[in-house]
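Comments concern the structure below.
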Amino acid sequence: MPTRAPLRAYACGLPARRGNRPAARCGPGPRRGSLGGVETTGAPPASPPASPPASPPGSAAGPRRRVPARTRLDFWFDGVLLVAYTLAYSLGFTGIAIHEWLGIGIGLALLLHLTLHWDWVVRTSRRLLRRGGRDRLIWLVNLALLLAMTLCVVSGVLISQVALAQIGLTAPGGPFWSSLHSLTAHITLGLVPVHVALRWRWIVSVARRLLAWRPR
């Protein structure tokens, strides 16, 4: 009966002689052993399946950063407030009745906004009073804008011709309140573009995140 060496040699396509070791071998033969009572061979272990390539950060399948709820609220609130103020300032377009009701709505929105962010206002004010630079400039512009819009709304209510009469109230009126309303309206109109310019980076950043983020 022939030995295993010639059989392996013929299997590799090489000549072999009976009783001699072949000149070349296909590779190391299987080695048998035991591991924990299970018979194993010397075959190399199978490679794990390759993981799929990671999606690039900007792709649709990549993870998206979730925009915090407070940031979304501030972004949309400021946007709606800007649109409402633009319409309220266009008295010739809206008419006196819509103008006055928009002004009252803006006043209520400002009060609600200030109430929800009062802790942030106090904390930020204390911190910025000890600092300077651009952050203090933003804080001063926001404060001036808040005061101007508040005085504009209050003076507008005091010279109301339609809105208060529709709910059974009478406005005191007077030239002082009319002049104050006109002055604060023009100051607000000048401060709004400055406010937008100072917060432009934040506006663009939040807008991009809102356009890229989709709720699950």
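What follows is calculated from the coordinates using simple rules that are stated; it is not laboratory data. Quantities reported herein were computed from a predicted structural model and do not represent experimental measurements.
Quote the relative contact order of the stretch 69-212 in percent (integer), defining contacts as alpha-carbon pairs under 8 Å separated by 6+ residues.
Numbers: 101 pairs, mean separation 34.9, N = 144.
That works out to 24 percent.
Under 1.5 on a/c is rounded, so check that first for the stretch 69-212, then, if it is not, pick prolate when a/b is larger than b/c and oblate when it is not; a ≥ b ≥ c are the square roots of the alpha carbon gyration tensor eigenvalues. Prolate is the answer for the stretch 69-212, as a/c is 1.5 or above and a/b outweighs b/c. Sequence-ordered 3J(HN,Hα) estimates for the stretch 112-121 from the Karplus curve with 6.51, -1.76 and 1.60 and θ = phi - 60° stand at 5, 4, 5, 5, 5, 10, 5, 4, 5, 4 Hz, glycine and proline given as x.
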